[in-house]
Amino acid sequence: MELLAGRCAIRDGGLELARAELLELARGVDAIVADPAVAVDEALLEAAGPALRVIANFAVGYDNIDLDACRRRGVAVTNTPDVLTNATAELALALALAAARRFTEAEADLRGGRWRGWDPGAYLGLELTGATFGVVGMGRIGRRFAELVVGFAGEVLYASRTPKEETERELGVRRTALGEIFRRADVVSLHLPATGETAGLVGPRELAAMKPEAILVNTSRGRLVDSRALARALRDGEIGGAGLDVYEHEPDVPTELLEAPRCVLLPHIGSATTRSRDGMARLVAENVLAVLAGEEPPNRVA
């Protein structure tokens, strides 16, 4: 905000801005800074009008933005890569550990006064040392997650459109088919953008293929996972647990997931570290100021 305030008059709508208020605030602006919950569609672009020059997304993913509509209007679109890579990968690992060791279930019992002392048969979970990890998507965050787990994993498999030969050499990971990852991995961690191809990537068939003790982790986009199918798989014991930071229709979380056993749920905090969010904020400002100065922004995606 400080960087932008030095060059721009800022219209700040806050985090709970109604759609009608957003459209009104957008009228005549030169730049829009949006978070992933803001739909940058034809209506918003039309409301902004011909003065609009840049959409700066406060995120790595940009599936909330109609890129074709922006291109037709000559509006640049930017994102905030790299600075949140480590924070998000760390959270994915934390979710895997929490789900495998049943953290939330155990803590809820303790806080609720239901813990009656040490019990050799209580809260038995999955040790991840020596486990097989499956990384679906080997971009920046997927690679960092692989780096974090390769030291104690028994094997790291990954699925990607293209082979990552340098990553294979450096980390000793192996590329394989998506189906093999679901069949063999003890932890499946998703690191893909939301596209027409990836929507519903994890559904009943994939969940049924997983080991009964396996853990599913999603810190990318909620649309990748069929929430109802996941809730059923958890309820029926088809898989061992899940750790989720993202949902299909945020901030709404399906009741089935809220009630599902062995499911660790977080409110989209993958990048929520001071270092990461400060870095994202700086990138947003730098992207906006570059476009307004007639320069190429450092993180253009369209």
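The values are calculated or read from the model by the stated rules, or taken from the named source; none is laboratory data. Quick caveat: nothing in here was measured; it's all calculated off a predicted structure. Please note: Cβ atoms are built from the backbone with ideal geometry, for glycine as well, and neighbour counts cover all protein chains shown. For the accessible areas, the whole protein counts, side chains as well, though only heavy atoms, and no ligand, DNA or RNA atoms are used. Shrake-Rupley method; radii C 1.70, N 1.55, O 1.52, S 1.80 Å.
Of note:
- Scope the stretch 16-28; condition in contact (Cβ under 8 Å) with a residue 12 or more places away in the chain and under 20 Å from Arg277 (Cα atoms); matching residues: none
- Qualifying positions in the stretch 154-185 - open to solvent by 40 Å² or more (accessible area, probe 1.4 Å) and assigned to a strand (DSSP E or B): Glu155, Arg174, Arg175
- Meets criteria (in a helix (DSSP H, G or I), free of Cβ contacts under 8 Å to residues at least 40 places away in the same chain and either crowded, with 18+ Cβ neighbours inside 10 Å or of a type in the set (Phe, Trp, Tyr) (or both)) for Leu230: yes
- Within the stretch 252-264, the residues that satisfy the criterion of being free of Cβ contacts under 8 Å to residues at least 60 places away in the same chain and either of a type in the set (A, V, I, L, M, F, W, C) or not in a helix (DSSP H, G or I) (or both) are Asp252, Val253, Pro254, Leu257, Leu258, Ala260.
- Test: Leu148 is crowded, with 16+ Cβ neighbours inside 10 Å, outside any helix (DSSP H, G or I) and modelled with pLDDT of 95 or more: no
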